[in-house]
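Contents: one structure, followed by commentary.
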Amino acid sequence: MRRTLTVTALAAAACSAHAADLFVLNFEAAGGYTTSIAEFTDGGSDYFFRTNGSGMAASNVYNGATGSFFAAHDIDGEGATLPVSLTTSTFSIANHDNLRFAVDLAEDDDGANQDWDLPDYVNFEYSIDGGSWQSIFSAINDGSTFNSAAFINGVEITSTFSTFSADLSALTGSTLAVRIVFSLDAGDEDIAIDNIRVTGDAINVVPLPPAAWAGMGLLATMAGVRAARRR
């Protein structure tokens, strides 16, 4: 009986990993994203645009901003049909694992008027290799009453920029894009977004030295001889 023998080199290469920025969008310059509607502001409390804090009501305050950011408030106040979205450029995640998503968020503290309504939201999503959009997390009303502050997984978004992150280590693929979907249609519903970031561990394949390859070649030859003797 003829046998087919396959020799697999289990130790053909060693791997090392180090963290790397795969995508960073800090809104300091135009580009790196597209929006489903044209950016706009009425100079007051209806806006959907990249800003350095100007072009909006002075009462709308986002503390801790460094330079420009993207802000949205009562988006349908100027006639937009909700939801609307911001989508990042597609970027490579090839040869990386242990992906992680992070974003800096703030929401103007309007005193007692923390009025995010129950149906309204800002969703953060990803798409792998051009596939369907999947949820990362959502900024939503806390569910206890019709009007409340905005929360992500039980953590309130305050008027000071804070970082919210998510583990995407289960994801594999060649490319990734991030989408933010906005449904904010009330006068006290706003959000500011900065420093969208995806990081991952670069997988570096370290070639074995020639002596190791020679040793594996010898093992394969010996295995072939043994297989031939059994025929």
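The values are calculated or read from the model by the stated rules, or taken from the named source; none is laboratory data. Note that this is a predicted model, so its numbers are computed, not measured. In this analysis, Cβ positions are derived from the backbone assuming ideal geometry, glycine residues included, and neighbour counts consider all displayed protein chains. Quick note on the areas: whole protein, heavy atoms, side chains included, nothing else; ligands and nucleic acids left out. Shrake-Rupley method; radii C 1.70, N 1.55, O 1.52, S 1.80 Å.
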> Which residues in region 166-183 have a backbone N closer than 14 Å to a point placed 7 Å from the Cα of S36 along the Cα-to-Cβ line?
Replying inline: 179-183
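Only sites in a loop by DSSP and with at most 13 other Cβ atoms within 10 Å count here; which GluC sites (Glu not before Pro) in region 34-120 make the cut?
Numbers: sites: E39, E78, E107; in loops: E39, E107.
Filter output for region 34-120: empty list.
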> What percentage of the solvent-accessible surface of region 58-177, computed with a 1.4 Å probe over protein heavy atoms, is contributed by carbon and sulfur atoms?
Replying inline: 45 percent
>> With unit charges on the beta carbons (Lys and Arg positive, Asp and Glu negative) and the dipole taken about the Cα centre of region 34-151, which residue among I37, V61, T90 sits farthest to the positive side?
In response: T90
>> What distance in nm lies between label points placed 7 Å from Cα along the C-beta direction at S135 and S169?
In response: 2.3 nm
